[in-house]
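Chemist: One structure, as structure tokens, below. Some questions next.
Just so it is clear, none of the values below were taken in a lab; they were calculated from the coordinates. This structure is a prediction, so every number in the text was calculated from the model and none was measured. So basically every Cβ, Gly included, is an ideal-geometry build from the backbone, and we count neighbours across all protein chains shown.
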Amino acid sequence: MVISLGFNIVLVEPEIPPNTGNISRLCAAVGARLHLIKPLGFSIDDRHLKRAGLDYWHLVEVVVHESWEGFMGSVRPEQICLSTTKGGRHYTSVSFEPGSYLVFGRETRGLPPELLAAYPQRCIRIPMIDEARSLNLSNAVAVVLYEALRQHGFPDLR
């Protein structure tokens, strides 16, 4: 069940099954699609991944892409929003459009520098203190996705 706004969460080469499981549960709870870009650091059948999603898997649409290039072949650059600690704008300063693709990188390295360099105007960040390296991936996804939903009045959610 995907909601009418059709927000998309994109994980580029995720590594930790419980994070992806938690994110899949988040996507299920709000009707967002989950896109996974290979290589994955786990099997989609991984028991830790399934356990984190519990009984929500039937509520989430998961799309697996073989590569970043393959993924970008199906979207327009203006539809993507790259979440990175190196972003110049706060996530709250962006107007998220229905159908946006909210992109997040690997837990250990984030998004590749060449990808950030290719789309600098599409980079956002979650503010935090200088001493903090980053948030947990599933927490970062929740923060940004709920801001996108808030901007549209949480349609179809109670």
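Chemist: What percentage of all Cα-Cα pairs in region 8-151 are separated by more than 19 Å?
Modeler: 47 percent
Chemist: Over the chain, what is the percentage of antiparallel beta bridges among all DSSP beta bridges, to the nearest 5?
Modeler: 5 percent
Chemist: Run lengths n ≥ 4 of DSSP H only: what is the helix-derived mean residue ellipticity at 222 nm for the chain, with -39500 (n - 2.57) per run over all residues, to the nearest 500?
Modeler: -8500 deg cm²/dmol
Chemist: By the scheme Lys and Arg +1, Asp and Glu -1, what is the net charge of all other residues having a beta-carbon under 13 Å from that of V12?
Modeler: Every neighbour counted, the sum reads -3.
Chemist: Run the numbers on the chain and let me know its relative contact order in percent, using alpha-carbon pairs under 8 Å that are six or more apart.
Modeler: So the answer I get is 28 percent.
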